[in-house]
1. Evaluate segment 253-262: report whether one residue or more is surrounded by fewer than 22 Cβ atoms within 10 Å (Cβ to Cβ) and among the small types (G, A, S).
2. When segment 31-45 is examined, which residues are found to be open to solvent by less than 40 Å² (accessible area, probe 1.4 Å) and either at pLDDT 95 or above or out of contact with any Ser or Thr (no Cβ under 6 Å at 6 or more places or on another chain) (or both)?
3. Restrict the check to segment 308-319 and report whether at least one residue is touching a strand residue (DSSP E or B) at 6+ places or on another chain (Cβ under 6 Å) and either closer than 19 Å to D130 by Cα or aromatic (F, W, Y) (or both).
4. Could you please find all residues in segment 149-202 being touching a Pro at 6+ places or on another chain (Cβ under 7 Å) and among the β-branched types (V, I, T)?
5. Could you tell me which of the residues H128, H138 is free of Cβ contacts under 8 Å to residues at least 60 places away in the same chain and either over 30 Å from D180 (Cα atoms) or of a type in the set (S, T, N, Q) (or both)?
6. Of (1) open to solvent by 30 Å² or more (accessible area, probe 1.4 Å); (2) without any contact (Cβ under 8 Å) to a residue 60 or more places away in the chain, D240 satisfies all except one. Which?
7. Residues that are in contact (Cβ under 8 Å) with a residue 40 or more places away in the chain and acidic (D, E): which strands (runs of 3 or more DSSP E) entirely in segment 1-96 hold 1 or more of them?
8. Of all residues in segment 268-303, how many are surrounded by 15 or more Cβ atoms within 10 Å (Cβ to Cβ), in contact (Cβ under 8 Å) with a residue 60 or more places away in the chain, out of contact with any Leu (no Cβ under 8 Å at 6 or more places or on another chain) and part of a helix (DSSP H, G or I)?
Amino acid sequence: MPKLSYLKALNRAIGDEMDRDPDVCVFGEDVGVAVTHVTAGLLKRFGPGRVLDTPISEQAFTGFATGAALAGLRPLIEFQIPALLFLAFEQIVNQAHKFSLMTGGQARVPVTYLLPGSGSRESWAGQHSDHPYSLFAHVGVKTVVPATPSDAYGLLLTAIRDDDPVVVFAPAGALGVRQDLDLIGLAPVPLGVGRIHRAGTDVTVVAVGHLVHDALAVAEDLAGDISVEVFDPRSLFPFDWSGLARSLERTGRLVVVDDSNRTCGIGAEILATAAEEMRLIAPPRRITRPDGAVLPFARALDLACQPTRAQLRAAIERTVHGKPSRRAE
């Protein structure tokens with residue numbers, strides 16, 4: 001079977017939807033020349049009427065996309081840097097997100113906001129390394145964080161077809177992932193349905209985005225001692241609470257690894273909901289960025305602020321055995 005990269009999966013999903021639906025269009029800075037490679041070849045295939053390079057103003061083209069969606073189009077906006085979402089936050093959460101609710105369903109705003117390369121990239125420093133997916137989940141905007149090429153393809157398809165705004169975070173840590181798969185079998189992935197990448201009986205690890213691959217590596221490393229179930233929520237809003245509850249019925253223990261800041265992060269919400277509503281036989285734990293983390297330019301310090309496999313291993317061992325192994329410490 002052919003290998004499909006995460007970036008190619010995003011590109012393929014956009015192209016397939018533009019072929020299928022003439023109302024789908026792409027807005028953003030440098031999308032014509034495909035500076036991030038996500039829109040490679042689309043200008044040539046579909047022309048400047050549907051692949052539109054915009055001025056360098058996120059507030060402007062985000063509002064432009066809202067108007068286009070209200071007029072019947074299905075815009076996809078590419079944001080080159082995750083922190084640029086802060087500039088357009090009001091446009092997304094206070095305008096696009098609320099129009100359908102405030103009009104009693106009379107208006108639709110089918111906009112997809114795509115973040116290729118969210119989170120930390122090598123020495124991109126403080127204003128380019130945020131992972132603000134918790135903010136959008138908090139206000140109720142549909143939010144997805146695919147971990148694999150097949151899920152990147154399927155979730156992006158679903159986002160484009162959705163009648164509500166959807167934010168798609170494509171983590172920088174996952175962009176290099178390649179997957180052997182049958183391209184004919186690529187299909188939409190529903191929002192709110194998690195995925196178990198590895199079954200286990202001792203502890204459930206909920207991993208967000210690229211950290212799924214770290215969780216799988218740690219689970220394999222611990223396989224002789226601890227049976228780890230790796231649960232990938234795929235979408236953070238809506239969240240697959242019933243899927244997590246079923247996993248915890250089997251394991252009774254929970255560790256969450258989340259590459260966003262600790263306070264008010266999605267990891268805190270997962271732990272709180274599990275503690276309130278689900279079966280736990282040990283205190284849950286979370287591995288996150290530090291409180292108030294701003295990733296520095298120095299690569300060693302950048303990495304020191306991100307969740308690590310060693311931290312995850314230690315948290316799993318503490319949750320199951322009460323203390324980490326010497327190797328983890």
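The values are calculated or read from the model by the stated rules, or taken from the named source; none is laboratory data. This structure is a prediction, so every number in the text was calculated from the model and none was measured. All Cβ positions, glycine included, derive from the backbone under ideal geometry; neighbour counts span all protein chains shown. Quick note on the areas: whole protein, heavy atoms, side chains included, nothing else; ligands and nucleic acids left out. Shrake-Rupley method; radii C 1.70, N 1.55, O 1.52, S 1.80 Å.
1. As a first pass, look at segment 253-262 and keep what is surrounded by fewer than 22 Cβ atoms within 10 Å (Cβ to Cβ): 261-262.
If we keep only those that are among the small types (G, A, S) as well, we get none.
No; the residues of segment 253-262 include none that is surrounded by fewer than 22 Cβ atoms within 10 Å (Cβ to Cβ) and among the small types (G, A, S).
2. Restricting attention to segment 31-45, the residues satisfying the condition of being open to solvent by less than 40 Å² (accessible area, probe 1.4 Å) are 31-32, 34, 36, 38-39, 42.
Those that are open to solvent by less than 40 Å² (accessible area, probe 1.4 Å) and either at pLDDT 95 or above or out of contact with any Ser or Thr (no Cβ under 6 Å at 6 or more places or on another chain) (or both): G32, A34, T36, V38, T39, L42.
3. Within segment 308-319, the first condition is being touching a strand residue (DSSP E or B) at 6+ places or on another chain (Cβ under 6 Å), and the residues that meet it are 311-312, 315-316, 319.
Narrowing further to those that are either closer than 19 Å to D130 by Cα or aromatic (F, W, Y) (or both): none.
No - not one qualifying residue is present in segment 308-319.
4. T158, V177
5. Working: H138 fails: free of Cβ contacts under 8 Å to residues at least 60 places away in the same chain.
None of the other options fit; the residue is H128.
6. Tallying (1) open to solvent by 30 Å² or more (accessible area, probe 1.4 Å); (2) without any contact (Cβ under 8 Å) to a residue 60 or more places away in the chain, D240 fails exactly one: (1).
7. Details: elements: 3-5, 24-28, 51-53, 74-78.
Once the strands (runs of 3 or more DSSP E) in segment 1-96 are filtered for at least 1 residues that are in contact (Cβ under 8 Å) with a residue 40 or more places away in the chain and acidic (D, E), what remains is 74-78.
8. 1
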